[in-house]
Amino acid sequence: VQLQASGGGSVQAGGSLRLSCAASRGIFSNNAMGWFRQAPGKEREFVGAIAWNGGSTYYAESVKGRFTIDRDNAKNTVYLQLNSLKPEDTAVYYCAANRYSRGGSFQNDYPYWGQGTQVTVSS
């Protein structure tokens, strides 16, 4: 079981990034997927999630309207589009696979985690 996140980098405020998370077979097609982030000195927090078929998405209030999650089940890949980035978005971003199909913000529902990718936003 593997999740490989990529696409992080350093951008100026107002910029955009697109994160990708490739999953091994067996944990993707029927599973909701989520993105979380952890800033230095802070606890890991929910960013967003997408249901197994892409039919529903959920976002933290802090990113709603700026971030978008989508998935390509044929490629076993989930994406996180980050627009209008702010310095407070600076964090390590993690993708995770939910044990259920619908998705949500409860971290204990995510038994599988990727290694994280760094996003740094400068002012």
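Observations on the model:
- Checking each residue in the range 16-37 for being out of contact with any Ser or Thr (no Cβ under 6 Å at 6 or more places or on another chain), in a loop (DSSP other than H, G, I, E, B) and crowded, with 16+ Cβ neighbours inside 10 Å picks out ILE27, PHE28, ASN31.
- Looking across the range 4-27, just one residue is in contact with a helix residue (DSSP H, G or I) (Cβ under 8 Å, 6 or more places away or on another chain) and either under 12 Å from THR90 (Cα atoms) or of a type in the set (Ser, Thr, Tyr) (or both), and that is ALA13.
- Only listed residue being within 12 Å of the chain's Cα centre (by Cα) and of a type in the set (Asp, Glu), chosen from ASP70, ASP89, ASP109: ASP70
- Residues (surrounded by 16 or more Cβ atoms within 10 Å (Cβ to Cβ) and under 14 Å from VAL47 (Cβ atoms)) located in the range 81-103: LEU82, LEU85, ASP89, THR90, ALA91, VAL92, TYR93, TYR94, CYS95, ALA96, ASN98, GLY103
- There is at least one residue in the range 109-118 that is touching a Phe, Trp or Tyr at 6+ places or on another chain (Cβ under 7 Å), more than 13 Å from GLY7 (Cβ to Cβ), of a type in the set (D, E, K, R) and surrounded by 15 or more Cβ atoms within 10 Å (Cβ to Cβ).
- Qualifying residue in the range 38-47 (condition: touching a strand residue (DSSP E or B) at 6+ places or on another chain (Cβ under 6 Å), in a loop (DSSP other than H, G, I, E, B) and modelled with pLDDT of 95 or more): yes
- Boolean, ALA51 is within 10 Å of the chain's Cα centre (by Cα), crowded, with 18+ Cβ neighbours inside 10 Å and under 18 Å from PHE67 (Cβ atoms): no
- Cβ pairs under 6 Å, 6+ apart, first in the range 76-92 and closer than 19 Å to SER24 by Cβ, second charged (D, E, K, R) and open to solvent by less than 40 Å² (accessible area, probe 1.4 Å): VAL78/ARG71
- Residue within the range 5-27 that is among the β-branched types (Val, Ile, Thr) and under 17 Å from THR120 (Cβ atoms) present: yes
The values are calculated or read from the model by the stated rules, or taken from the named source; none is laboratory data. The structure presented is a predicted model; accordingly, all values stated were derived computationally and were not measured. Reconstructed Cβ throughout: ideal geometry from the backbone, glycine too, with neighbour counts over all protein chains shown. Side chains are part of the model used for accessible areas, which takes the heavy atoms of the whole protein and leaves out ligands, DNA and RNA. Shrake-Rupley method; radii C 1.70, N 1.55, O 1.52, S 1.80 Å.
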